Structure formats: C-alpha cells, structure tokens
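As structure tokens, the structure follows; a few thoughts come after it.
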Amino acid sequence: MKVQYKLSIPSPENHLANVKLTSEKEAKDSQLKLFIPSWSPGSYLMREYGRNIRWLKVENSKGERLYTEQIDRGIWLIDWDKSDVVNKDDQSFQVEYEIYCHELTVRTSHIDRSHAFIHGPSIFMGILDKQIKDPTLEVIINPLWSKISTGLKDISPKRDQFLYTAEDYDTFIDAPLEIGCHETDGFMIDGIPHELAFYGSSTLHEHKMKEDIKKVVDHIQKTMGGMPYEKYCFMTHLAPGLFGGLEHLNSTALQFCSYSLTDKKGYNEWLELVAHEYFHLWNVKRIRPVELGPFDYTKEALTKMHWLTEGLTSFMDQLFIFRTDFYSLQDYLDCIKTNINRYLSIPGRKFHSLEDSSFNAWIKLYRADENHNNSSISYYLKGGLVFFALNILMADKDKSVLDLVKVLWQRYLDKPEVGVTEDEVFNLLNDLVGREIT
Ligand SMILES: [Zn+2]
C-alpha cells in the first residue's frame, strides 16, 4: 500500500502532534486495521504508545466518516460495510489523530516550544498485515523552528518544504526526527555525509567533539569494511542527568549529561556511547537474532540472544575507544576491572544465565525494581565480560572477537532477510577457533 503521512505541530506548548495518514485500500478489502506500535525495536518494554492518542477519526475522500472501532489497546478497525456513506466505491481514506508527546527519552516523542523530537514508533500508525511501500512524510514546520535533522531520505522539492521518504513502514518509523533550532554540524567520510544535531545545553567545552566523533566513526567503519548507508545522523540531547541511546539503521538518538562532558572520564564515556550506538547499525540493526525482525509491533519479541546484541556491542564500544587512543591500555584495563567488580557485586548472577536475562528483558531489566540485582544480571555487563574472555581465548588461535564480527557481517550480507540463530553463531565461532573454545 502507498501511504502519505503529514505531521503538524501547531501548538507545541500543548505537547500535541497532529498526524494525518492518507491512503487507498484495495477494492476487495472491506476492513482494515490500523495500529500504533506498543514498543520500539532496541528498547524491550511494552510502552503502549496508543495511550497517548487523544482522538482519532477516519474519513473517505469526500469527508464522510467511516465506521471505526477500537478493538485492542493500540488497534482500530475501519469497516466500510458498516459505514453510512454515499459512495461505497470510494477506496481512498484519511486517518487523522492527535497524540500527546511529552516524554524526553530516546524511545518516546517530546514536544514543547523549544523543539520536537519525533520517535517513529511512538507516533506513526501502520496498517496491520499490509506492506506499506515507499511511505512519504510531509512535516509542516512550526514558525518557531527552522530545521529538521533525520536519517530519512530528503525528497523536499523546495527549500521551505520538508518532505521525506523511506523504503517501507519499518525503515520509516526507525528514523527519528529532531525538529527545531538546534545546533548542527557534520563531516564527510568517503563522500558519505554524517550530520550532528545537538539539542539542549551548550556544547561548549574543551573537547573537539566533531573531530573525535569522526575519528571513532571512521575507525569503526574501516574495521567493518565500509558504511552500509547513504547518510548518517547523530541526534543528541544534552542536559544535566540525561543518559541513553537508541540505535537506528542510519541514525541514532543519544542523551548525555552535559556536566559529565566537562571531565575526561565523562567525555570518554560519551564517546563509548557514540561508538556503542554507531556499532549497533551493524550489530542488531542488521546482524540480529532471528526473533528481532521483521517485527510485530503489537507484542513482545522474546529472544535469548541479547548477549549478542548488547553484550557484544558493550565489549566492542570500550574496545573501539581504546583502539582510537582515547583510552590508554591502563584506562581500558581499569574499565574491565570496574566491569568485573560490578559483576561480582551482583547476587543475581548466581540465579540468571545470560539467556535467562535476555529472555526476561521485558519484565526484568526494563522493569528493574529494588529486587532486580538480587534475581538477575545485566546482559550488557555479563555479555561484555563473556566477549572479553572469549577474545583472550581466541588469541591462542591468532583470532579475535573482531574476526567473529566479520564472519557474522558476511553471514548478514549473504542472507539479510533472516536473523541468526544461536547455533549459527556457535558454528561460525567453531569454524574460526575450533570446538574446544566454542
Ligand atoms: Zn545497545
């Protein structure tokens, strides 16, 4: 199906977005189901984004209301047979809804007079069991603001228009948008543009942030054998106390404490976060467990393999910062020592394996309470240490975890449509270093 989205934010002080979705159904369909995701890939918690919808209406192209009924928490049924309309053969329809956006995280949307951060799954509806091809998004920009940063493909015909497209619904909602008057900068690597967007507290400090991000990005892309995208966008929110990141196919949303940037330790942790989310464009956005994509956004995607998605990425992010000389060898070993001490201090390590921890991410790690450390262990922490230990073991065979990453990447290139199974990963490792290590 073809779908055109239109986003407008006429009164940002109310934290409300107005979304219009225009499409045309096939004549044989008398019903369609609209849905809004309940969760975001990369963040394993049912967030029930439908709870933020204030009102919704569906009309045909003549402006006649179509029968619409909510049938689940985030699902609405449109029924043409039950609709009291003059022209039953009108296949066109327009969905319009208003949605509240006032949570400043990397996996929610946030609107106020200073900006709009639009996180796709939290705001854009899809059509259940239908493939949306080449969706377009027109943003009617509020006069308060002047620019948009996003990984979406820009097809704006004029300078004062903001029109974007993506391959399908999944890639469309995967790309967040930062809309406002934020600071922007950028750099090129091998002719590919990388945009930096900073919203929030001043980025003035002694570090050369653009040069340092470029150094990290260039190192990682060279390690991985090139960049599998046409452009990349780093969207960063800086404010006291913020921390978080979410990976996307050709962009990332980052949040970091502006105060922490001022000391070397905090700044290097910021670069770790940059490396972590950037490396995710390979590991989890492309190389991924078989359960993680294509997605059903209405229910949990359970996997026992977050030791691969987050454990490997956590190991690699610190290694990349060491390999780019931001960490000395002593700094790097201090990081590992801190990780080991943290691991040993968590009683839950005795009760949960990495697989248990992964499988329960939705109800344990993402809903951590006062008992969490007593009953579970983070797959980021333990997974990272497992890959650190594996790296040492592989050295006996003149191999490293990087060799494993490269064969996993080749496996993705050979069969991108299907994620990997645990057995496949172990077989690839076995081929590299033999069964006694695997
Ligand atoms: Zn991660």
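Observations on the model:
- Looking only at segment 276-335, and only at residues there that are surrounded by fewer than 23 Cβ atoms within 10 Å (Cβ to Cβ) and of a type in the set (Asp, Glu), the one that is farthest from the ligand (Cβ to nearest atom): 325
- Residues in segment 304-339 that are hydrophobic (A, V, I, L, M, F, W, C) and closer than 18 Å to residue 354 by Cβ: 305, 307, 308, 312, 315, 316, 336.
- Filter result (of a type outside the set (Ser, Thr, Tyr), outside any loop (DSSP other than H, G, I, E, B) and open to solvent by less than 10 Å² (accessible area, probe 1.4 Å)) within segment 102-127: 111, 115, 116, 117, 118, 120, 121, 126, 127
- Residue within segment 75-84 that is open to solvent by 60 Å² or more (accessible area, probe 1.4 Å) and within 16 Å of residue 34 (Cα to Cα) present: no
- Taking segment 350-374 as the range and being outside any loop (DSSP other than H, G, I, E, B) and buried (at least 18 other Cβ atoms within 10 Å of the Cβ) as the test, the residues that pass are 354, 357, 358, 359, 365.
- All of 99, 71 fail the test of being in contact with a Leu (Cβ under 8 Å, 6 or more places away or on another chain) and surrounded by fewer than 17 Cβ atoms within 10 Å (Cβ to Cβ), apart from 71.
- Any hit, segment 256-271, residues being within 11 Å of the ligand (Cβ to nearest atom) and part of a helix (DSSP H, G or I): no
- Complete set of residues in segment 66-86 that are more than 30 Å from residue 110 (Cα to Cα), in a strand (DSSP E or B) and free of Cβ contacts under 8 Å to residues at least 40 places away in the same chain: 67
The values are calculated or read from the model by the stated rules, or taken from the named source; none is laboratory data. Note that the coordinates shown come from a computational prediction; the quantities given were computed from them, not determined experimentally. Heads up, the Cβs are rebuilt from the backbone with ideal geometry, glycines too, and the neighbour counts pull from every protein chain shown. For the accessible areas, the whole protein counts, side chains as well, though only heavy atoms, and no ligand, DNA or RNA atoms are used. Shrake-Rupley method; radii C 1.70, N 1.55, O 1.52, S 1.80 Å.
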